[in-house]
Amino acid sequence: MPNSERCHLLYGWWQIGWSVLVVLMLAGGTPRAAAQSASDVYGTRALGMGGAVRALATDGTALDLNPAALGLLGAYLVEIDSRTYPTESGEMLRLTFIDHLTSKLATAASWSWFTADALPVEGNPSWVVVGEPTGQLEAYRAQDYKLGFALPIGPFAVGTTFAWHRYRQALETRLEETDSRSRFTMNGGLMYVPKPFLRLALSGAHLIPTGLVSRPTTVGLGVAALAGNIAMAEADVAMDLTTGRDLIDAERISWDTVGFNLNLGAQITLWRFVPFRLGYYSESAIDAHYLTSGIGLEAPMFRLNYAIRYPMGVDRDLALSDRLYHMISLSVVVGGRGAGR
């Protein structure tokens, strides 16, 4: 197929993708969708690597952890991923479109839908309680809409994400007292690739504070090493500025309320198309530690990934889902394998 026809076809699919996203936004109505923790921004591939992808993100996770990574993708991507929360009877579904093929400026859009119907009310300050605590279960619905941009400039890439979060929560037996709110925020990131085997990342999430424990303001650093398409590893450190403050309802941020999260991950690819992943991450504000693993089938134009998370130590009153949970994603990629594949 001639290049001009191919570009025209890709542009047509891109227009269809945007149209689908717009329809979802207009049809969303009142938010009807999984209660979240700070680590819910991880896509399936990222979860398998313990969230250590600030310098290696090649999917919708880049919108949250480092939008500058979109500028290294070099492809057109459509992705759908989902996860389950067994403890909270929760589900999550996310749809992402990324285009870094038809223009030097990478653009991305994402829509996420969440639902959970078994959040305990008492002893759980992570969630706003509507009405007096009675020991009943709390229902939570939410939708996220994100729009991201990234531009590569020599060995650098810069990016930003604009995000709108809508949520609703109430006691199951008193839904008429529903608490519905919206939050607008933005993320930013910088990527530096001094050598083909080395990447450095600096990023900030929710730089416009949301006041939500599930959407903390963080600043993170990432260092990644690559051995071609065979192996890669990354270590990230993120400073959580707001979770500790919001949990105790403090008036301002102080060193006593700031937390530090660690993300470690590695991937090795066998038989050219089968990546195996291992990871670890911590969320210091809720004293949670997790081991993760994942496996995938990644051809040049197709990705199917699976990941699982195992809790090592969790404060059950604060953390979301203290049991094993699973995540799966399906992606179609056109134009290249993308950075960090």
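See the values below:
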{"read-out": "Long-range neighbours under 7 Å by Cβ, at least six apart or interchain, first residue within 23 Å of G60 (Cβ to Cβ) and among the basic types (K, R) within region 304-331, second modelled with pLDDT of 60 or more and surrounded by fewer than 20 Cβ atoms within 10 Å (Cβ to Cβ)", "value": "R309/L324"}
{"read-out": "Residues that are crowded, with 20+ Cβ neighbours inside 10 Å and within 21 Å of Y42 (Cβ to Cβ), drawn from region 85-99", "value": "Y85, E88, G90, M92, R94, T96, F97, I98"}
{"read-out": "Residue within region 308-329 that is surrounded by 22 or more Cβ atoms within 10 Å (Cβ to Cβ), touching an Asp or Glu at 6+ places or on another chain (Cβ under 8 Å), assigned to a strand (DSSP E or B) and at pLDDT below 90 present", "value": "yes"}
{"read-out": "Pick from region 50-81, criterion touching a His at 6+ places or on another chain (Cβ under 9 Å) and part of a strand (DSSP E or B), ranking: nearest to L262 (Cα to Cα)", "value": "L77"}
{"read-out": "Residues being farther than 19 Å from A75 by Cα and either surrounded by fewer than 14 Cβ atoms within 10 Å (Cβ to Cβ) or out of contact with any strand residue (DSSP E or B) (no Cβ under 8 Å at 6 or more places or on another chain) (or both) - total across region 283-307", "value": "2"}
{"read-out": "Out of R252, R181, R245, sole residue that is of a type in the set (K, R) and crowded, with 21+ Cβ neighbours inside 10 Å", "value": "R245"}
{"read-out": "Set A75, A62: member being at pLDDT 90 or above, closer than 24 Å to A231 by Cβ and of a type in the set (G, A, S)", "value": "A62"}
{"read-out": "Residue that is surrounded by the fewest Cβ atoms within 10 Å (Cβ to Cβ) [pool: residues in region 219-242 that are in contact with a Ser or Thr (Cβ under 7 Å, 6 or more places away or on another chain) and among the β-branched types (V, I, T)]", "value": "I230"}
{"read-out": "Which listed residue, of G29, G17, is on the phi > 0 side of the Ramachandran plot, at pLDDT below 85 and surrounded by fewer than 24 Cβ atoms within 10 Å (Cβ to Cβ)", "value": "G29"}
{"read-out": "Checking N229 against (1) under 16 Å from G265 (Cα atoms); (2) in a strand (DSSP E or B), the condition it does not meet", "value": "(2)"}
{"read-out": "Extreme residue, farthest from the chain's Cα centre (by Cα), among residues of region 235-270 that are more than 21 Å from L221 (Cβ to Cβ) and modelled with pLDDT of 90 or more", "value": "L270"}
{"read-out": "Residue ID - nearest to M191 (Cα to Cα), chosen from residues in region 119-156 that are small (G, A, S) and at pLDDT below 65", "value": "S126"}
{"read-out": "Scope region 247-267; condition over 14 Å from S284 (Cβ atoms) and of a type in the set (D, E, K, R); matching residues", "value": "D249, E251, R252"}
{"read-out": "Condition met for A68 (modelled with pLDDT under 90, surrounded by 14 or more Cβ atoms within 10 Å (Cβ to Cβ) and under 20 Å from L147 (Cα atoms))", "value": "no"}
{"read-out": "Those residues of region 244-291 which are assigned to a loop (DSSP other than H, G, I, E, B) and either on the phi > 0 side of the Ramachandran plot or touching a Phe, Trp or Tyr at 6+ places or on another chain (Cβ under 8 Å) (or both), in sequence order", "value": "D249, W271, R272, D287"}
{"read-out": "Subset tally (residues that are over 9 Å from the mean Cα position of the chain (by Cα) and aromatic (F, W, Y)) for region 36-57", "value": "0"}
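The values are calculated or read from the model by the stated rules, or taken from the named source; none is laboratory data. None of these values were measured; they are calculated from a predicted model. Here Cβ is always computed from backbone atoms with ideal geometry, including for glycine, and neighbour counts include all displayed protein chains.
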